[in-house]
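First the structure, in the form of structure tokens, and then the observations on it.
The values are calculated or read from the model by the stated rules, or taken from the named source; none is laboratory data. Everything quoted here is computed from the prediction, not taken from an experiment. Cβ atoms come from the backbone with ideal geometry, glycine included; neighbour counts cover every protein chain shown.
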Amino acid sequence: MSTDIRPLPLPGIPLPELPLTPQSLTELESLGVSPAGGIVPDPGWWRTAVIYQVFIRSFADGNGDGVGDVAGLRARLPYLAALGVDAIWINPWYPSPMVDMGYDVSDYRDVDPELGTLAEAEDLIEAAHALGMRVLLDIVPNHTSDNHAWFRAALDGDAEARARYLFRPGRGLDGELPPNDWESCFRGPAWTRTTDPDGTPGEWYLHMFAPEQPDLDWSSPEVRAEFVDVLHFWFDRGIDGFRVDVAHGLAKAVGLPDGLGRDRRTEEHPGWDQDSVHEIYREWRQVADAYDPPRVFVAEAWVARPERLPLYLRPDELHTAFEFEPLHVTFRAGPWRRVIDQGLAKAEVANAPSAWALTNHDVVRQVTRYGREQPELRASNEQQRARFGVDPVDYELGRWRARAAVVMTMALPGAAYVYFGEELGLPEVESLTSAERRDPIHTRSGHTDPGRDGSRIPLPWSGNESPYGFSGSVDVRPWLPPPSDWAGLSVEAQEQDPASTLWHYRRLLAARRDLISEAEPLVWLESAPDVLAFSRGRLQCWVNFGPNPVGLPASLQVAASSRPEVTTMLPPDTAVWLVPSD
Ligand code: NOJ
Ligand code: CA
């Protein structure tokens, strides 16, 4: 084995002089990691972009009330520019009772007062653009909040308002049974019975999620027109696109027939993925294309049959869609190889790039998943959460594996998403008490499912005491309390340590900018059974999932690696990028 593999000088980032999070454009420019001169025009930016998902309630609290907000995000934009992301996707920031943390929208054309103002939102979009980062918002078209003016009017008996939702008479002698057998994704029946203004039991309405999230009737022309207008509202304010929540949900089968016990996740179901949904996206695409530059859509579309996903990505529909398998696939070579092959095959059929994400606000964070799993397990999100408190977690192992996994996904063709806090190697917080949990899944499951709060804990910025600079003062208790042992994970702590996960992400994203381009297709290389190796042009990516170190090819040098010490041998649970050494 040749000893020809040397770590490259780290691209673009001066080490070991470690600047703290830059506070100004000049400081950013001195880091050499951001264009800092505004957006570089590129209509295809979304094909290869790295997009940072901002769970806004938990990113940074600008006014010290314990809830993350627009002002906090605005102040921390330089941190994101220095991280090296191309865009941010902000989870819903609209006025909302926050039953489902903003996915219950009561007004699509404003910002929730707890999170900021519309003027602040406009300023944020401008500031992000000045730093070279594009902005995606989250649009929630499947359902509104029960507090939306339309739904309140509907409950008051306004016939026009009722026609925008799915109200139906119940079954049974007195209408006491739900209109069909559909189940809510948040447990229990997908129907709730209303009470008429005179106090007698009335019709039922459909909600695929919580009862506070009534589903809209997308066969209503008014609903369609309303959302076209909402798209314009935000596009006119300069946003670059939308992540489309539950994109496969809007259209329902005519007559709302029973699902007859079919599992929506694996079988066709009349409540999901109906052909008529595509008319909606064809109309939306025309809206997006009429802007200069054209705006883009990324779909959250869970389809029971993978071959139906490309239908959403036809040239006159949505631009790209998330890959969901990486959110729960086990840290093993074989399963990952299948996930990547399937993702690439779909992308080829659709002629649309994949959108890769290792985690998001709906699933258990990857450090915990990889630190806990038994090798034979491929667990759904619910199964992952169910193991909380049952199996111990090896956090160190989980963190090394998470660092390796992102080296791999950042080398794949397509766009890549980073969920806030994954750049710090945050684990799932499983120590929340039942009373502290806010996710409706927790309550609706009769407290048996811990829900998703553990992945939404406020980001630790600095200091030794919770909430670690999130809210300015340690006297503030944020809406979800960060645990007492997170001081070492804070941005401040990790900036002092060149071996930290934060610096790992910064180096990796800088290397990606230098090395990855869409033009280079993925080619699998021969490797040992526990190893995945592929090339993309002159770049090679090697990932060791097995228990033994493996030799790396001679005459290549390390351009990025998940552990600092990699040279000629690739340790277990480690990944590298290699390039020719000339
Ligand atoms: C998907 C979102 O990611 C999730 O957080 C939300 O609860 C549901 N859609 C319902 O809007
Ligand atoms: Ca706040």
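From the list 206, 250, 231, exactly one residue is more than 21 Å from the chain's Cα centre (by Cα), closer than 22 Å to residue 140 by Cα and modelled with pLDDT of 95 or more. Which is it?
Values: 250 fails: more than 21 Å from the chain's Cα centre (by Cα); 231 fails: more than 21 Å from the chain's Cα centre (by Cα).
When all the criteria are applied, what remains is 206.
Could you tell me which residue of region 34-81 is nearest to ligand 2 (Cβ to nearest atom), considering only residues that are closer than 20 Å to residue 132 by Cβ and of a type in the set (Ser, Thr, Tyr)?
79
Go through (1) away from ligand 2 (no atom under 11 Å from the Cβ); (2) within 24 Å of residue 418 (Cα to Cα); (3) touching a Gly at 6+ places or on another chain (Cβ under 6 Å) and name the single condition residue 96 misses.
(2)
Name the residue that is farthest from residue 212 (Cα to Cα), counting only residues in region 99-124 that are surrounded by fewer than 18 Cβ atoms within 10 Å (Cβ to Cβ) and more than 15 Å from ligand 2 (Cβ to nearest atom).
For region 99-124, the residue satisfying everything is 123.
Under the condition of being within 20 Å of the chain's Cα centre (by Cα) and modelled with pLDDT of 75 or more, which residue from region 367-379 is surrounded by the fewest Cβ atoms within 10 Å (Cβ to Cβ)?
Only one residue fits best here, namely 370.
Looking at region 485-507, which of its residues are part of a helix (DSSP H, G or I) and not hydrophobic (A, V, I, L, M, F, W, C)? Don't jump to the end; show me each part of the working.
Restricting attention to region 485-507, the residues satisfying the condition of being part of a helix (DSSP H, G or I) are 487-489, 491-495, 501-507.
Of everything in region 485-507, those that are part of a helix (DSSP H, G or I) and not hydrophobic (A, V, I, L, M, F, W, C) turn out to be 488, 492, 494, 495, 501, 504, 505, 506, 507.
For region 423-430, indicate whether the set of residues that are at pLDDT below 95, touching a Pro at 6+ places or on another chain (Cβ under 9 Å) and in a loop (DSSP other than H, G, I, E, B) is non-empty.
yes
Kindly check whether there is at least one residue in region 433-446 that is buried (at least 17 other Cβ atoms within 10 Å of the Cβ) and acidic (Asp, Glu).
Yes, region 433-446 contains a residue that is buried (at least 17 other Cβ atoms within 10 Å of the Cβ) and acidic (Asp, Glu).
Go through the residues of region 445-458 one by one and say whether even a single one is more than 23 Å from the chain's Cα centre (by Cα), part of a loop (DSSP other than H, G, I, E, B) and of a type in the set (Asp, Glu).
No, region 445-458 has no match at all.
Evaluate region 155-167: report whether one residue or more is outside any strand (DSSP E or B), in contact (Cβ under 8 Å) with a residue 24 or more places away in the chain, among the hydroxyl-bearing types (Ser, Thr, Tyr) and within 16 Å of ligand 1 (Cβ to nearest atom).
No.
Scan region 262-279 for residues that are acidic (Asp, Glu) and either surrounded by 19 or more Cβ atoms within 10 Å (Cβ to Cβ) or within 21 Å of the chain's Cα centre (by Cα) (or both) and jot them down.
If the condition is that a residue be acidic (Asp, Glu) and either surrounded by 19 or more Cβ atoms within 10 Å (Cβ to Cβ) or within 21 Å of the chain's Cα centre (by Cα) (or both), then 273 is the only one that fits.
When you scan region 28-51, do you find a residue that is modelled with pLDDT of 50 or more, within 16 Å of ligand 1 (Cβ to nearest atom) and assigned to a helix (DSSP H, G or I), even just one?
no
Can you list residue pairs whose Cβ atoms sit under 7 Å apart, with the first residue in region 271-282 being of a type in the set (A, V, I, L, M, F, W, C) and the second being at pLDDT 95 or above? Count only pairs 6 or more apart in sequence or on different chains.
Note: pairs meeting the criteria are 272/248; 272/249; 277/248; 277/250; 277/251; 280/218; 280/224; 280/250.
Among the residues of region 63-84, are any aliphatic (A, V, I, L, M) and within 16 Å of ligand 1 (Cβ to nearest atom)?
No, every residue in region 63-84 fails to be aliphatic (A, V, I, L, M) and within 16 Å of ligand 1 (Cβ to nearest atom).
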